[in-house]
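Enquirer: Mind having a look at this structure? Questions to follow.
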Amino acid sequence: MALAIDLVILLLLAGTLGYAFLVDRRVRALMSALRTLEPVVGQFSAAVDRSESSIKSMQIDTPVFTTARRGKEPRLTRPGTPTVAAAASGAASSTENAQTDRVAPELPPGMARVNGKADLVRGFFETVRSRDA
């Protein structure tokens, strides 16, 4: 009976070692793919940061529509919404606070806004390199 238990334990250990070998090969393949993608991911991250800064500068530099421009727009026909004339009369007072009226959209649960994505990506690859060494 003890011999049968020892054989079962040996078979389970052999199976565990075989599975660990397969997982190790897959992880090494994944890490080599990540190494080849590192420059592309870094460039993409830098491009995202540049586009975010461009959008922010465009939002700051873009003037709010004037009342003359709003006068040329068609009238709204939905019930319960203010007309264009009413919106135009309030546009002069709202131009000063146009930048402060914008509110960042809420993120879904479990998500967080990340600033400095390039540093985050660079840190990930540095962590990967330190684990390989």
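Enquirer: Between Arg25 and Ala4, what FRET efficiency comes out of the Förster formula 1/(1 + (r/R0)^6) with R0 = 41 Å and r the beta carbon distance, rounded to 0.05? Working shown, then result.
Expert: Working: r = 32 Å, r/R0 = 0.79.
Once rounded, the FRET efficiency stands at 0.80.
Enquirer: If packing is taken as the average number of other Cβ atoms within 10 Å across a peptide's residues, how do 28-38, 4-14 rank, most packed first?
Expert: Details: 28-38: 11.5, 4-14: 9.7.
Sorting 28-38, 4-14 by mean packing, highest first, produces 28-38, 4-14.
Enquirer: Need one number: nm distance between label points at Thr36 and Met58, each 7 Å from Cα along Cα→Cβ, rounded to one decimal.
Expert: 3.5 nm
The numbers here are math on the coordinates, done by the rules we state, and not lab data. Computed from a prediction, not measured in an experiment: that's the story for all the values here. Counting neighbours? That spans all protein chains shown, and the Cβs are built from the backbone with ideal geometry, glycine included.
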